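**Student:** So that we are looking at the same thing, I have put the structure below in structure tokens.
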Amino acid sequence: MIGLFKVKEKQREQAQNASRGGGASVKKQSAGELRLHKDISELNLPSSCTISFPNGKDDLMNFEVSIKPDDGYYHNGTFLFTFQVSPVYPHEAPKVKCKTKVYHPNIDLEGSVCLNILREDWKPVLNINTVIYGLFHLFTEPNSEDPLNHDAAQVLRDNPKLFETNVRRAMTGGYVGQTFFPRCI
């Protein structure tokens, strides 16, 4: 019990020193930040995926993931996703947006992503690694059955060769229909 009082006393002393400018204050981390820190330290990403922290390592709750598929329709493209993680993570799925304009049945032109584990199938046992693998899988196996971009999904279902041509045209910087896609290869 005496040890506990000493710890409390030391914490009070550190807080007073920090308020007087005698040291840096220590920001208390939320449970979500602690869990996210654990998830990030345990990441096991494919070699074609990278993670970066544009706001620095002090802001783990906002980061970017770059995916460069090594197979499939989107081979050699580079696709950037932003992640915003809530303080109540893992009880709420991260908010994920695709910053790269892409012709894809499961990603709309505003960057919204249709991935079941980011919506109705999210469970607190899932983690950031699972989400990144889910995104990676969207590029190796696009799903025309649960689309956000209905036109791309219909072309994938009805004419896979035309879909492949449209993907290549979009990735090299060109128009698909009336929509211009910046180069991402």
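**Student:** Taking into account only those residues within the stretch 166-175 that are under 17 Å from V155 (Cα atoms) and open to solvent by 20 Å² or more (accessible area, probe 1.4 Å), which is nearest to the chain's Cα centre (by Cα)?
**Tutor:** Step by step, filter the stretch 166-175, then rank; the result is R168.
**Student:** Separate question: Going residue by residue through the stretch 73-96, is there one that turns out to be assigned to a helix (DSSP H, G or I), within 16 Å of the chain's Cα centre (by Cα), farther than 30 Å from A153 by Cβ and in contact (Cβ under 8 Å) with a residue 40 or more places away in the chain?
**Tutor:** Within the stretch 73-96, none of the residues are assigned to a helix (DSSP H, G or I), within 16 Å of the chain's Cα centre (by Cα), farther than 30 Å from A153 by Cβ and in contact (Cβ under 8 Å) with a residue 40 or more places away in the chain.
**Student:** Right, here's the next one. I117 is checked against (1) open to solvent by less than 30 Å² (accessible area, probe 1.4 Å); (2) closer than 20 Å to T100 by Cβ and fails just one. What number does that condition carry?
**Tutor:** For I117, the exception is condition (2).
**Student:** Restricting the stretch 109-141 to residues that are in a loop (DSSP other than H, G, I, E, B) and touching a strand residue (DSSP E or B) at 6+ places or on another chain (Cβ under 9 Å), which is nearest to L43 (Cα to Cα)?
**Tutor:** Just the residues of the stretch 109-141 that are in a loop (DSSP other than H, G, I, E, B), to begin with: 109-111, 114-115, 119-127, 141.
Now restrict to residues that are touching a strand residue (DSSP E or B) at 6+ places or on another chain (Cβ under 9 Å): 109-111, 114-115.
Values: L109: 29, E110: 28, G111: 24, C114: 22, L115: 20 Å.
The qualifying residue nearest to L43 (Cα to Cα) is L115.
**Student:** Take the conditions loosely packed, with under 13 Cβ neighbours inside 10 Å, on the phi < 0 side of the Ramachandran plot and among the hydrophobic types (A, V, I, L, M, F, W, C) and apply them to V125. Does it pass?
**Tutor:** yes
**Student:** Is it the case that V113 is under 28 Å from N62 (Cα atoms) and touching a Ser or Thr at 6+ places or on another chain (Cβ under 9 Å)?
**Tutor:** no
**Student:** Only one of these conditions is not met by V155: (1) in a loop (DSSP other than H, G, I, E, B); (2) surrounded by 13 or more Cβ atoms within 10 Å (Cβ to Cβ). Which number is it?
**Tutor:** (1)
**Student:** I need the full set of residues from the stretch 97-108 which are within 25 Å of R157 (Cα to Cα), open to solvent by 40 Å² or more (accessible area, probe 1.4 Å) and part of a loop (DSSP other than H, G, I, E, B), in order please.
**Tutor:** K101
**Student:** A further question on this structure: State whether the residues of the stretch 155-166 include one that is out of contact with any strand residue (DSSP E or B) (no Cβ under 6 Å at 6 or more places or on another chain), closer than 20 Å to N116 by Cα and touching a residue at least 24 places away in the same chain (Cβ under 8 Å).
**Tutor:** Yes - at least one qualifying residue is present in the stretch 155-166.
**Student:** Are there any pairs with C-beta distances below 8 angstrom linking a residue in the stretch 108-134 that is closer than 15 Å to F79 by Cα and touching a residue at least 60 places away in the same chain (Cβ under 8 Å) to a residue that is not polar (S, T, N, Q) and not in a strand (DSSP E or B), with the two at least 6 apart or on different chains, and if so which?
**Tutor:** As it stands, the answer is L109/K101; I132/L43; I132/L45; Y133/P46, since those pairs meet every condition given.
**Student:** Can I ask one more? Is at least one residue of the stretch 139-151 open to solvent by 30 Å² or more (accessible area, probe 1.4 Å) and more than 30 Å from Y89 (Cα to Cα)?
**Tutor:** yes
**Student:** State the number of residues belonging to the stretch 57-71 that are open to solvent by 40 Å² or more (accessible area, probe 1.4 Å), over 13 Å from V96 (Cα atoms) and modelled with pLDDT of 95 or more.
**Tutor:** 1
The values are calculated or read from the model by the stated rules, or taken from the named source; none is laboratory data. In this text the structure is predicted, and so the values were computed from the model without any measurement. Here Cβ is always computed from backbone atoms with ideal geometry, including for glycine, and neighbour counts include all displayed protein chains. Note: accessible area is taken over every heavy atom of the protein model, side chains too, but ligands, DNA and RNA are not part of it. Shrake-Rupley method; radii C 1.70, N 1.55, O 1.52, S 1.80 Å.
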